[in-house]
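The values are calculated or read from the model by the stated rules, or taken from the named source; none is laboratory data. Note that the coordinates shown come from a computational prediction; the quantities given were computed from them, not determined experimentally. Every residue, glycine among them, receives a Cβ derived from its backbone with ideal geometry; neighbour counts consider all protein chains shown. Ligands, DNA and RNA are stripped out before the accessible areas are found, and what is left, the full protein with its side chains, is counted by its heavy atoms. Shrake-Rupley method; radii C 1.70, N 1.55, O 1.52, S 1.80 Å.
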Amino acid sequence: MASRCWRWWGLSAWPRTRLPPAGSTPSFRHHFSTQEKTPQICVVGSGPAGFYTAQHLLKQHPQAHVDIYEKQPVPFGLVRFGVAPDHPEVKSYGAEDHRALEIPGEELPGVFSARAFVGWYNGLPENQELEPDLSCDTAVILGQGNVALDVARILLTPPEHLEALLLCQRTDITKAALGVLRQSRVKTVWLVGRRGPLQVAFTIKELREMIQLPGARPILDPADFLGLQDKIKEVPRPRKRLTELLFRTATEKPGPEEAVRQASASRAWGLRFFRSPQQVLPSPDGRRAAGVRLAVTRLEGVDEATRAVPTGDIEDLPCGLVLSSIGYKSRPVDPSVPFDSKLGVIPNVEGRVMDVPGLYCSGWVKRGPTGVIATTMTDSFLTGQMLLQDLKAGLLPSGPRPGYAAIQALLSSRGVQPVSFSDWEKLDAEEVARGQGTGKPREKLVDPQEMLRLLGH
């Protein structure tokens, strides 16, 4: 994208600096011109969906002018603040919120969302005061997806292994998080799921890496895999390979070399199937989490209709840390923008927001928290294409409008100085320079006020 065609502005580092959401005033949307010759388009959010949408618009309509607005003082969303700091080539991303457990004890100290925990070790400014206590022996992660597996891997990876990755410049985990992980006493991590081995949501690459994690051994109950051999043959190939790996790990005797490795492992992780959280149990003094009460479940239905139902049996699982990883959820943008609170999406047709001409959505707020980065790329291109089709057909509000000039005047009236993309390039250079001193690809700046001081704002 040529710099003449787009601008990026980070706004949230200043008091009262959030860009007013689309529709927050009757005239807000109409600041953006949609004339076909030089359309002025606003993209709110600089994550993968925002940048991919802008990329498609500029590629297909070189005369378009796109302004991208971001609440953080740095761009790229959860490409920057992704799940795995030791996997810079594969970052997860998502919605702004997480799904609540909605069970008693969820508010106890020692209970965190996996989203917040991920944000903490990846340097997301809003999560830097999380202060997780890792002095316990056992952690429970509620969920069996890739996020849950990545969190378990970070908890159990020997600190010296993370530090070795620093020397290879293969991790950008924050200095503060690494310091806490060095002192961690967590030795066992359980990943709990309501359903069985055929319904896990992680992928084989992440599972294989977890099985081979240095200093850790897997714990799988062979009883959970009884009767699965015939069913495995009927599932699609990716699911078949994944389940076969689980099956072999649970039921086959490891080879001599692997047996020695597992015997010497000081840490362990395991999958607990057919368990649904009912309550976070408090410590005797009631001051923090001390375990999770689980309802034992069984499966009913077939294929996509398979669901977990309680059997009536209960099981208590002691732990000192509980991480909820049962899904992400988008938040409403503004009262004037339609929002389905049950599904966590903006009602839309191929990205066109229903009943609001000129407003579009992309990413997880469009389709829900599913898919990987390639899914978002395709989805964002489609949203951009729908906008261009409507522009060409004359279906959008027309006539001259000030575009960014209106926002510039609004910010000026509030005494707000936004962080520009050139400002970000200065911060980027500072992070890279700090990282070189410790052997890391970068040392992320996590304090917005420090960022502003470095920029002289």
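Computed on segment 182-264, with alpha-carbon pairs under 8 angstrom and 6+ residues apart, the relative contact order is 36 percent.
Would segment 343-427 count as rounded, prolate or oblate if I go by the C-alpha gyration tensor, calling it rounded below 1.5 in a/c and otherwise prolate when a/b exceeds b/c, oblate otherwise? Don't skip to the answer; put the middle values down first.
Working: a/c = 2.09, a/b = 1.30, b/c = 1.61.
The shape class here is oblate.
Using the Kyte-Doolittle scale, find the helices of the chain whose mean hydropathy is at least 0.0 and whose Cα atoms extend 24 Å or more along the helix's long axis, counting only whole DSSP H runs. Helix filter hits for the chain: 373-392. What does a probe at residue 257 reach in segment 202-224, counting residues whose amide N is under 19 Å from the point 7 Å along Cα→Cβ? In segment 202-224, the label zone of residue 257 (backbone N under 19 Å from the point 7 Å along Cα→Cβ) covers 208-218. Our summary gives the chain a relative contact order of 23 percent, counting only alpha carbon pairs under 8 angstrom and 6 or more residues apart. Which of the three applies to segment 299-338, rounded, prolate or oblate, going by the alpha-carbon gyration tensor with a ≥ b ≥ c and a/c under 1.5 meaning rounded? Note, shape of segment 299-338 comes out oblate.
Per the Kirkwood formula applied to alpha carbons, segment 178-229 shows a radius of gyration over Rh ratio, Rg over Rh, of 1.03. Note on the chain: antiparallel DSSP beta bridges, both residues inside, total approximately 45 percent of the bridges counted.
Find the Rg to Rh ratio for segment 251-368, where Rh is the Kirkwood radius over alpha-carbon pairs and Rg uses the same atoms. Spell out each step's value before the answer.
Working: Rg = 22.0 Å, Rh = 19.1 Å.
Radius of gyration over Kirkwood radius for segment 251-368 works out to 1.15.
For the chain, taking the reciprocal of the average inverse distance between every pair of different Cα atoms yields a Kirkwood hydrodynamic radius of 24.1 Å. If I compute solvent accessible area with a 1.4 Å probe over the protein chains, what percent of it on the chain is carbon and sulfur? After summing per-atom areas, the C and S share lands at 53 percent.
With 31 Å as the limit, write out which pairs from 71/440; 233/329; 175/342 have Cα-Cα distances beyond it, or answer none. All intermediate terms of the calculation are to be shown ahead of the outcome.
Values: 71/440 26 Å; 233/329 34 Å; 175/342 38 Å.
Pairs exceeding 31 Å: 233/329; 175/342.
The lysines within cross-link reach of residue 392, meaning a Cα-to-Cα straight distance under 24 Å and a gap of 8 or more places when in the same chain, are 37, 59, 366. Summing Cβ point charges (Lys, Arg +1; Asp, Glu -1) relative to the Cα centre of the chain gives a dipole of roughly 600 debye. Taking amide H as placed 1.01 Å from N in the peptide plane, residue 113 has its amide H under 5 Å from the amide H of 324, each at least 5 places away in sequence or on another chain. Peptides 250-257, 238-245, 47-54, ordered by how many other C-beta atoms sit within 10 Å of their residues on average, highest first, read 47-54, 238-245, 250-257.
Rounded to two decimals, what is the ratio between the C-alpha radius of gyration of segment 119-234 and 2.2 N^0.38 Å? Numbers along the way, then the final one.
Values: Rg = 16.1 Å, N = 116, 2.2 N^0.38 = 13.4 Å.
Relative to the rule-of-thumb radius for its length, segment 119-234 sits at 1.20.
Close amide H partners of residue 41, meaning residues 5 or more places away or on another chain with modelled amide H under 5 Å apart, are 65, 66, 67. Cα to Cα, under 16 Å, and not fewer than 8 places away if on the same chain: which lysines meet these conditions relative to residue 240? Of all the lysines, those that pass the test against residue 240 - Cα under 16 Å, at least 8 places apart if same chain - are 205, 231.
Suppose a student asked you for the relative contact order of segment 218-328, using Cα pairs under 8 Å spaced at least 6 residues apart; what percent would you report? Can you show the working numbers first?
On the way: 125 pairs, mean separation 21.2, N = 111.
Reported as a whole number, the value is 19 percent.
Keeping all protein chains in place, calculate the accessible area per residue for the chain (probe 1.4 angstrom), answer in Å².
Numbers: 21920 Å² over 457 residues.
Per-residue value: 48 Å².
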